[in-house]
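Trainee: Pasting in a structure now, in structure tokens, and then I'll have a few things to ask.
The values are calculated or read from the model by the stated rules, or taken from the named source; none is laboratory data. Not measured: the values here are computed from a predicted model. Please note: Cβ atoms are built from the backbone with ideal geometry, for glycine as well, and neighbour counts cover all protein chains shown.
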Amino acid sequence: MDYFPAFLDLTDKKCVIVGGGEVAHRKTKAVIRSGAKAYIVSIEFSEKFKDFPEESCFLIKDEFNSKHLIDATLVIAATDSFSINKKVSYEANKLGIPVNVVDEPSLCSFIMPALIDKSPVIIGISTGGNSPVLTRKIKEIIEVSLPSNIGLLSKVMGSWRQRVKERFNSFDRRLRFWENLMDSDVPELVFKNKPSLANQKIEEQLRNDSSKNTIGEVYLVGGGPGDPELLTLKALRLMYKCDVVLYDRLVSKEVLGKVRPDADFISVGKSESKHTVEQHKINEMLILLAKEGKKVLRLKGGDPFIFGRGGEEIDELAKSDIPFQVVPGVTAASGCGSYAGIPLTHREHSQSVRFLTGHLKDGKLDINWRSLNNKQETLVFYMGLLSLPTICEELIKHGMPPAMPIAAIEHGTTNHQRVVTSTLNKICQEVSVLELKSPTTLIIGEVVKLRGQLSWFG
């Protein structure tokens, strides 16, 4: 983090703005809106400064010197002279006063973010001074998605804080109450400008003690093949709602970074022939955590119902009467195929696709190899890197042409993606030379030939 974000209470505080032009006027407007007393130092002033109330804006017609900074809480340099701005920065830093120099990040001890003001909800957005245009774009995206009455909701909830604190001695009980409240129809009532009805609902929930729900919930979420932008909206919402997350090895760091940062993170990852946590232990952990009242995120790579043992987990949850939700994810086959420019089906190349696991059990693959010899069908092997020699040998042995195209896709959909295309009789050597690592997805079939013309990602 390049800058520490903070919100300052500037009510009735002295803020010095050096400069009398258009930029200085904008900065003055911002500090006055925050309740500050603005002292403007300049030889000349824009006519616009006359619009500010005299009790909040004081025009000092003078060349800047250090005496103007006495008792100042904040300083902003907004002149068109680099030497003056530099002097302001120097004097403010010498006195230990936070200073911002417009368009000169190197002279700033703080930067002013773009603001979304839905008071008392204030959102600050910054790119560290690198790209004001990007900052503005991010602001547009956030502002469009926010309900217009989000500020009113904050005020309504704030008015109940003391009552809730008196009602519940435990922090966890208070937290649970507020979370249940946010999941109720109270926010929607406020957004519809019905605060009186919302307050009635809060009173009812407080009286009925909505924090008593001791059973939590489990969210079984597919994290996709790696690119966080492939996550569904529902997945993102639940990822930020959870109290604790149990995640697999195949979940990318980028996807994991979308989880609520103050949640408890528990790795239960599995690799070939090695389980960090045995499956039955994972099932037990999910049940135990939910019974503690936790919102539990079970985050899996790809889709939880495609070689993800998701069905086993929710079966155990159902037996224990634990509420759960399942959120599908983009499975490795479609994600890796798409990012490699290999459609799984394509007219005149393949009319069907079959998903198979390359996971070895007792050193063997329990597969009906003869049934796979279909030129019009695409085969996708999950977890097939270690068993690649066996897969190629058995397919050729059971009639598939040695020249059948095959692709090995390492870390598909991510910036680390590598794609090797070859044939069944040559792929093992090429994969070995390039030292591909897991996770690697295998795609076998005539569709692999299309990569040459359809490749777009890498």
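Trainee: What pairs come up if the first residue lies in the range 144-162 and is closer than 13 Å to Pro187 by Cβ, the second is outside any loop (DSSP other than H, G, I, E, B) and of a type in the set (Gly, Ala, Ser), and their beta carbons are under 6 Å apart, counting only those six or more places apart or on different chains?
Mentor: Pairs found: Val156/Ala198.
Okay, residues lined up against (1) surrounded by 14 or more Cβ atoms within 10 Å (Cβ to Cβ); (2) in a loop (DSSP other than H, G, I, E, B); (3) in contact (Cβ under 8 Å) with a residue 12 or more places away in the chain; (4) hydroxyl-bearing (Ser, Thr, Tyr):
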site	(1), (2), (3), (4)
Asp71	no, yes, yes, no
Ile84	yes, no, yes, no
Ala92	yes, no, yes, no
Ile97	yes, yes, yes, no
Ile123	yes, no, yes, no
Gly128	no, yes, yes, no
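Trainee: Within the group Val353, Val326, which residue is of a type in the set (A, V, I, L, M), farther than 30 Å from Arg418 by Cα and in contact (Cβ under 8 Å) with a residue 24 or more places away in the chain?
Mentor: Among Val353, Val326, only Val326 is of a type in the set (A, V, I, L, M), farther than 30 Å from Arg418 by Cα and in contact (Cβ under 8 Å) with a residue 24 or more places away in the chain.
Trainee: Here's something else I'd like to know. Tell me, yes or no, whether the range 432-445 has at least one residue that is part of a helix (DSSP H, G or I) and not hydrophobic (A, V, I, L, M, F, W, C).
Mentor: Yes, the conditions are met somewhere in the range 432-445.
Trainee: Right, here's the next one. Please tell me if Val380 is assigned to a strand (DSSP E or B), in contact with a Leu (Cβ under 9 Å, 6 or more places away or on another chain) and of a type outside the set (S, T, N, Q).
Mentor: yes
Trainee: For Leu134, which of the numbered conditions (1) over 29 Å from the mean Cα position of the chain (by Cα); (2) in a helix (DSSP H, G or I) fails to hold?
Mentor: (1)
Trainee: Just for the range 396-411: of the residues that are more than 30 Å from Lys253 (Cβ to Cβ), touching a strand residue (DSSP E or B) at 6+ places or on another chain (Cβ under 9 Å) and not aliphatic (A, V, I, L, M), which one is surrounded by the fewest Cβ atoms within 10 Å (Cβ to Cβ)?
Mentor: Looking at the filtered set, the residue picked out is Pro402.
Trainee: When the residues of the range 73-82 are narrowed to those that are part of a loop (DSSP other than H, G, I, E, B) and closer than 18 Å to Glu22 by Cα, which ends up nearest to the chain's Cα centre (by Cα)?
Mentor: Ala78
Trainee: Could you check the range 417-437 and list, in sequence order, the residues that are loosely packed, with under 15 Cβ neighbours inside 10 Å and touching a residue at least 40 places away in the same chain (Cβ under 8 Å)?
Mentor: Lys437 - this is the single residue of the range 417-437 that is loosely packed, with under 15 Cβ neighbours inside 10 Å and touching a residue at least 40 places away in the same chain (Cβ under 8 Å).
Trainee: Could you please find all residues in the range 6-30 being at pLDDT below 95 and surrounded by fewer than 10 Cβ atoms within 10 Å (Cβ to Cβ)?
Mentor: Scanning the range 6-30 gives Ala6, Phe7.
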